[in-house]
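Enquirer: Just passing along the structure, written as structure tokens.
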Amino acid sequence: MSMPIHRPPAPPQAGLLRTLSARFDLQALAPPLPLAEPALQAAQAHAAWPGLLAWCHQPAHWAVHTLPGDTGLAGEAGADLAHALCLVVDGSLQLRACRGAAARLALRLRTKFNDVAVWRPRQPADPWDAGWLRPGSAGLQALARFTPRRPTLLVAGPALGRAHQQEAEALLFARQAQAPQPGRLLVLQA
């Protein structure tokens, strides 16, 4: 009869190193593409913009929001709004506004510091991770293993299909209690 092996808990340094070395999960998410300035400005001027930003920063740990096609947010308008939201919450626009390599490096270092500063409450301007769910069974398998390194905005585009969107939503809600970070799932309907 074999005895179970009990491993001691990992030292705090291991968690710190894991957090510092964590990277964006490219298997589960596709990063947002750059958005042309006119489309970015139009998205931020849309009537739904303030509500979507407020939804991202609400205190709920995990939440889902659907952009239905009957609100004028179907197709390209909805995709542009989702892209703009990703670029704002993930710090891409902050990074683009930096003057020079030193300022970009400082932003990246501050973001990593904030990831490990558990005593510091997250601020609305702190960068998140944001991206589009990957299609197909490989995308769902990657999502089943997905562990957010910081608050994350996940976008389920209409190209995934309703069944894939529903499976992704079920996977995320089944794992929400174990997720160390808040998450938002934005579903775009066709």
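Enquirer: Roughly how many Å² of HIS61 are accessible to a 1.4 Å probe, to the nearest 10?
Expert: That residue has around 70 Å² of solvent-accessible surface.
Enquirer: Using alpha carbon coordinates only, what is the Rg to Rh ratio of the stretch 33-188, with Rh defined as the Kirkwood radius? Show your work: numbers first, answer last.
Expert: On the way: Rg = 15.7 Å, Rh = 16.4 Å.
So for the stretch 33-188, dividing Rg by the Kirkwood Rh gives 0.96.
Enquirer: Let me ask you something else. Once phi is turned into ³J(HN,Hα) by the Karplus curve 6.51 cos²θ - 1.76 cosθ + 1.60 with θ = phi - 60°, what whole-Hz value does each residue of the stretch 31-44 show in order, with x for glycine and proline?
Expert: Going residue by residue, I get x, x, 7, x, 10, 4, 3, x, 5, 5, 5, 5, 5, 6 Hz, with x marking Gly and Pro.
Enquirer: Let me know the charge dipole size of the stretch 33-188 about its Cα centre in debye, to the nearest 20, where only the beta-carbon of Lys, Arg (+1) and Asp, Glu (-1) is charged. The partial results should precede the final answer.
Expert: Details: 15 positive and 10 negative charges, 156 e Å.
It comes to approximately 760 debye.
The values are calculated or read from the model by the stated rules, or taken from the named source; none is laboratory data. As the structure is a prediction and not an experimental result, all values here were calculated from the model. Counting neighbours? That spans all protein chains shown, and the Cβs are built from the backbone with ideal geometry, glycine included. What goes into the accessible areas is simple: the full protein's heavy atoms, side chains included, and nothing from ligands, DNA or RNA. Shrake-Rupley method; radii C 1.70, N 1.55, O 1.52, S 1.80 Å.
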